[in-house]
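Asks: Just dropping this structure here.
The values are calculated or read from the model by the stated rules, or taken from the named source; none is laboratory data. A quick note: this is a predicted structure, and the numbers were derived from the prediction, not measured. As a convention, Cβ positions derive from the backbone with ideal geometry for all residues, glycine included, and neighbour counts pool all protein chains shown.
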Amino acid sequence: MADLRTRYMGIELKNPIIAGASNMSTDLHKLRQLEEAGVAAIVYKSLFEEQVQLENLELYERKTEYEHRHAEQVTLFPNSESVPESPDDYLLNLRKAREAVSVPLFASLNAISEEVWVEYAAKAAATGIDGLELNFYSLPDESGTDRQSIEERQIDTLSKVKAAVKIPVAVKLTPYYTNTLKFISGLDKAGADAVVIFNRLLQPDIDIFTEKHTMPYNLSSSEDNRLPLRFTGMLFGNVKASVCSSTGIYSANDAIKMILAGADAVQVVSTLYRNGVDVVKSLTEEIGKWMDGHGYADINSYRGKLSMKKSENKLPYTRAQYIDFMMNSGDIMKKYRSLS
Ligand SMILES: Cc1cc2nc3c(=O)[nH]c(=O)nc-3n(C[C@H](O)[C@H](O)[C@H](O)COP(=O)(O)O)c2cc1C
């Protein structure tokens, strides 16, 4: 039977399937179910800077009997019906989660200011977790902030967090950098133990009947995994950091593709919501069967086989893929009935 073990940011995982950060991880029962279904590691839901700010605001209010509490709270959590858990409760629950399962558990932080990143990285590490994920969900909403300052600040944050904790630190990022590979290379040099590519950004929508904005959260689909696939393939052999592919990984096929491109591990979330946590059983079983069928004894026997570095055909990773499609699109598009 194929050996599914892999190393992810210096930690041995029994297979490459990690449950990514989501609300599931805050439920101890779900955590245990995930472990029973066979996930190799779990990322606990992010602690957000807004939770810390809200706590600070409440402390301030208690001292000053500040009158505009509600207005401030609405600004911090515009649509939240209930008051989110305090950072202390978060840390307490993180500790309980750490005790509830035996697979590696990683905490996730989403801060804005450097002090908060560093303070809560150290506090989370003190709960006994196995690693940290820095969730760099950056969405500049004005055109004045330049590329360099965003990237330098994030790399600086990583360095400071690395200096503050002894556990491995991963960075979860979006694909929207001027040169994402160059930025990841900067993170790698600053000591990132892993990169998680990519986070899925929420986008606004518009209801044309009410003429109002809506903010639906749509789970991903398998088609969404082709962007992480491209970058996974381009990173293989070029960074020291582990690469964890994420977004749109639903099936064993999707996970195998990522490993062929060069992933050390993959994160899954949407498939857990859509197909239930037991989907992890079939993911690992089918990866094992595929490996047996293809004569691969372990993950490293085929990891990166179809990366840019190892593939003879570099076309899929280059501009040439685009040009090829543009030049031949007449023929390719014939399969669509209206054009045949
Ligand atoms: C309900 C829900 C909650 C999530 N919460 C977090 C979070 O706290 N931190 C984070 O980094 N990502 C969070 N995510 C994003 C997922 O970790 C993941 O990056 C994204 O869903 C793409 O992976 P997928 O295609 O497997 O769903 C959340 C996703 C969902 C659906």
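Asks: Among all residue pairs at least 6 apart or on different chains, which show Cβ distances below 8 Å where the first residue, located in the stretch 31-45, is within 10 Å of Val103 (Cβ to Cβ) and the second is of a type in the set (Asp, Glu) and outside any loop (DSSP other than H, G, I, E, B)?
Replies: Taking only residues 6 or more apart or on different chains, the pairs are Ile42/Glu35.
Asks: Scan the stretch 145-187 residue by residue and report those that are assigned to a loop (DSSP other than H, G, I, E, B) and either within 16 Å of the ligand (Cβ to nearest atom) or not charged (D, E, K, R) (or both).
Replies: At the first step, the residues of the stretch 145-187 found to be assigned to a loop (DSSP other than H, G, I, E, B) are 145-146, 165-168, 174-179.
Within the stretch 145-187, Thr145, Val165, Ile167, Pro168, Thr174, Pro175, Tyr176, Tyr177, Thr178, Asn179 meet the criteria.
Asks: Do you know which residues across the stretch 16-39 are touching a strand residue (DSSP E or B) at 6+ places or on another chain (Cβ under 9 Å) and more than 16 Å from the ligand (Cβ to nearest atom)?
Replies: Passing the criteria: Glu35, Gly38.
Asks: Restricting the search to the stretch 250-273, which residues are surrounded by fewer than 20 Cβ atoms within 10 Å (Cβ to Cβ) and within 9 Å of the ligand (Cβ to nearest atom)?
Replies: Passing the criteria: only Tyr273.
Asks: Still on this structure, I have one more. Just need a number here: residues in the stretch 121-137 that are part of a loop (DSSP other than H, G, I, E, B) and within 12 Å of the ligand (Cβ to nearest atom). Please lay out each step first, then the result.
Replies: Within the stretch 121-137, the first condition is being part of a loop (DSSP other than H, G, I, E, B), and the residues that meet it are 126-130, 136-137.
Pick out the ones that are also within 12 Å of the ligand (Cβ to nearest atom) and you get 136-137.
Number of matching residues: 2.
Asks: Let me ask something else about it. Taking Arg303 as the residue in question, decide whether it is more than 16 Å from the ligand (Cβ to nearest atom) and not assigned by TED's automatic domain parsing to the domain that holds Pro16. Break it down into steps so the answer makes sense when it comes.
Replies: On the way: more than 16 Å from the ligand (Cβ to nearest atom): yes; not assigned by TED's automatic domain parsing to the domain that holds Pro16: no.
No.
Asks: Now for a different question. Strands (runs of 3 or more DSSP E) wholly in the stretch 200-309 with at least 1 residues that are free of Cβ contacts under 8 Å to residues at least 60 places away in the same chain - which ones?
Replies: In the stretch 200-309, 205-207, 212-214, 242-246 are the strands (runs of 3 or more DSSP E) which contain 1 or more residues that are free of Cβ contacts under 8 Å to residues at least 60 places away in the same chain.
Asks: Going through the stretch 203-238 one residue at a time, which ones are closer than 14 Å to Leu260 by Cβ and away from the ligand (no atom under 16 Å from the Cβ)?
Replies: Gly233, Met234, Leu235, Phe236, Gly237
Asks: Only one of these is out of contact with any Phe, Trp or Tyr (no Cβ under 6 Å at 6 or more places or on another chain), at pLDDT below 95 and β-branched (Val, Ile, Thr): Thr232, Thr174, Thr178. Name it.
Replies: Values: Thr232 fails: at pLDDT below 95; Thr174 fails: out of contact with any Phe, Trp or Tyr (no Cβ under 6 Å at 6 or more places or on another chain).
Criteria check complete, one pass: Thr178.
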